[in-house]
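First up is the structure itself, then whatever we jot down about it.
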Amino acid sequence: MDLGLPLSEVERIRSQEDLYRHVLDAAGLPRGPKVLEVGCGLGMGCVVTLREYGSTTVTGMDIHPEQLRRARSAHADLLREEPARLRFVQGAAESMPLEDGEFDAVISVEAAQHFPDLSAFAAETWRVLRPGGRVAVASFFTVDDAPSRPEELARLLDTYASGLDIARPVKALADALMEAGFTSVRVESIGPHVWPGWDLWLSQWWAPGTWPRNFLHAYEQRILDYYLVTAGRPGQNADAGTATAALGS
């Protein structure tokens, strides 16, 4: 992506799809996986998973009924074509209306900053995963647990001042996953690949000095970063084997 030029809607969508591919690749999906996306929004990630990763089923879960309505509307044709493979359900990250051991992988993209209880999310993720299943979460967190971080972010960003986004260190999610029983917990900063393009996209509507442009400032000041966190539930999945994404198909 050329960050020296204005971003079109096509490029924005492609960049979002590429983020999902990065998360799905990190999840190390088995062949024919059953995948859950927590905080699915409009369902873009569910469609990428279904079309490119050979998924047997994909479930998109979101707490907001309006988001689910929009997702079902946006993907109405696919829902009609693949009624047994794609579904959207309402549920909270801390209380999932799903069966024990139902999924091979749980993913979540840019939603965990809203979750009120990371420990409950980790415990529920453990519950709905099969032995050998994996979780991959991409979102933004504070870089450390310095007591000043919530106040700093509330000054910079309206979403933190209002409580929509919650200021927590990425270590809080990693610790919650380990406490739930997950192993091979890995934290990777992907901020250099996210924040500059995000700021360029925002610049089409927001002038320098307005609060949305402060996401990049918070990153540059080493307050906030964008992370990919992965972990595995110990055990052996009988269907183990890595699926390969058909990128560009």
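The values are calculated or read from the model by the stated rules, or taken from the named source; none is laboratory data. Not measured: the values here are computed from a predicted model. With ideal geometry, Cβ positions are generated from the backbone for all residues, glycine too; neighbour counts draw on all protein chains shown. Side chains included, ligands, DNA and RNA excluded: accessible areas come from the protein's heavy atoms. Shrake-Rupley method; radii C 1.70, N 1.55, O 1.52, S 1.80 Å.
What share of the DSSP beta bridges in the chain is antiparallel, in percent to the nearest 5?
Approximately 45 percent, going by the DSSP bridge assignments.
Give the calculated FRET efficiency between ALA84 and ARG127 to the nearest 0.05, with a Förster radius of 30 Å applied to their Cβ-Cβ distance.
Rounded to the nearest 0.05, the efficiency is 0.80.
Would you work out if the range 123-174 is rounded, prolate or oblate? Take a ≥ b ≥ c from the square roots of the eigenvalues of the alpha-carbon gyration tensor; rounded if a/c is under 1.5, else prolate when a/b is larger than b/c, oblate otherwise. Walk me through the numbers before you get to the answer.
On the way: a/c = 3.50, a/b = 2.43, b/c = 1.44.
It is prolate, given that a/c is not under 1.5 and a/b is the larger ratio.
Determine the share of the chain's accessible area contributed by carbon and sulfur atoms, expressed in whole percent, with a 1.4 angstrom probe. Before the final figure, lay out the partial values.
Numbers: 6120 of 11580 Å².
Ligands and nucleic acids excluded, carbon and sulfur give 53 percent.
Would you kindly state how much longer the chain becomes between ASP25 and ARG222 on full extension, computed as 0.36 nm times their sequence separation minus their alpha carbon distance, in nm to one decimal?
On the way: separation 197, 0.36 × 197 = 70.92 nm, distance 2.72 nm.
So the chain would gain 68.2 nm between ASP25 and ARG222.
Could you give the nm distance between label points at ARG14 and ALA146, where each point is 7 Å from its Cα heading toward the beta carbon?
Each label point is offset 7 Å from its Cα along the Cβ direction, giving 3.8 nm.
Read through the labelled values (1) 70, 50, 31; (2) 50, 36, 34; (3) 51, 40, 31 and report the label of the one computed as Cα extents along the principal axes in Å from the structure.
Given (1) 70, 50, 31; (2) 50, 36, 34; (3) 51, 40, 31, the calculated one carries the label (3).
Within the range 103-140, which residues have the backbone N less than 18 Å from the label spot 7 Å out from ARG186 along Cα→beta-carbon, could you tell me?
Residues 105-109, 132-139 fall inside that zone.
Compute the length gained on full extension between GLU179 and ALA161: take 0.36 nm times their separation in residues and subtract their Cα-Cα distance, giving the result in nm to one decimal.
3.6 nm
Before I look further, what does the range 117-204 give for accessible area per residue, probe 1.4 Å, in whole square angstrom?
Numbers: 3790 Å² over 88 residues.
That works out to 43 Å² for each residue.
Relative to the Cα centre, what is the charge dipole magnitude of the chain, using +1 at the beta carbon of each Lys and Arg, -1 at the beta carbon of each Asp and Glu, and rounding to the nearest 20 debye? Before the final figure, lay out the partial values.
Details: 23 positive and 34 negative charges, 83 e Å.
Charge dipole, the chain, about its Cα centre: 400 debye, nearest 20.
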